[in-house]
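Read through the structure below, which is laid out as structure tokens, and then see the notes.
The values are calculated or read from the model by the stated rules, or taken from the named source; none is laboratory data. The structure displayed is predicted, hence computed values, not measured ones. Heads up, the Cβs are rebuilt from the backbone with ideal geometry, glycines too, and the neighbour counts pull from every protein chain shown. Just so you know, the surface numbers come from the protein's heavy atoms only, side chains and all, with ligands and any DNA or RNA stripped out. Shrake-Rupley method; radii C 1.70, N 1.55, O 1.52, S 1.80 Å.
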Amino acid sequence: DDYDTNRSFAIPNLSSSAKALIKAWVQEAQRRTKLKNCVQPMIERAKGTHCERCLGRKLLKVQTKFSTEEMDAMFTQKYRETFDQALWKQFWHKHQKYHTLCLPCIAEKKDHDRKLDALKRKDG
């Protein structure tokens, strides 16, 4: 095995601004993880019985209209408070929309979107 678990690495000296940036990033990542974990059961329950594009019934996945980051931005803009799980779930339920798609349709849509973006960059 080439991986040495006993290897130690030097810890660099960081400026106070770098430490603050890292701390803020970690706190934001922890918040987003907490937010996502709270609503994950709601997302799973929203899965339909068939793909909304091709009506297929295999390899289904739920996609949300808004990302967790977008929903968090809307939530904090409205409530400006620290995390309240019940309020977050209520907000999510009221504002989030779901789409059930199969993996082939998701791949096709991503490919179409990439081509559209390439055309926009070329023309823009």
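Summary of computed values
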item: Those residues of the range 71-87 which are under 17 Å from Met42 (Cα atoms) and either loosely packed, with under 14 Cβ neighbours inside 10 Å or touching a residue at least 60 places away in the same chain (Cβ under 8 Å) (or both), in sequence order; result: Asp84, Gln85, Ala86, Leu87
item: Residue in the range 67-80 that is out of contact with any helix residue (DSSP H, G or I) (no Cβ under 8 Å at 6 or more places or on another chain), assigned to a loop (DSSP other than H, G, I, E, B) and within 29 Å of Ala29 (Cβ to Cβ) present; result: yes
item: Looking only at the range 88-107, and only at residues there that are in a helix (DSSP H, G or I) and touching a residue at least 40 places away in the same chain (Cβ under 8 Å), the one that is farthest from Lys61 (Cα to Cα); result: Trp88
item: Test: residue in the range 46-69 that is acidic (Asp, Glu) and either open to solvent by less than 70 Å² (accessible area, probe 1.4 Å) or within 19 Å of the chain's Cα centre (by Cα) (or both); result: yes
item: Lone qualifier among Thr100, Thr76 - being within 18 Å of Thr33 (Cα to Cα) and not hydrophobic (A, V, I, L, M, F, W, C); result: Thr76
item: All positions within the range 10-29 that are surrounded by 10 or more Cβ atoms within 10 Å (Cβ to Cβ) and among the small types (Gly, Ala, Ser); result: Ala18, Ala20, Ala24, Ala29
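Results for (1) at positive phi; (2) at pLDDT 95 or above, shown as yes or no for each residue.
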residue	(1), (2)
Ser17	no, no
Ile22	no, no
Glu28	no, no
Met42	no, yes
His50	no, yes
Leu55	yes, yes
Thr64	no, yes
Asp84	no, no
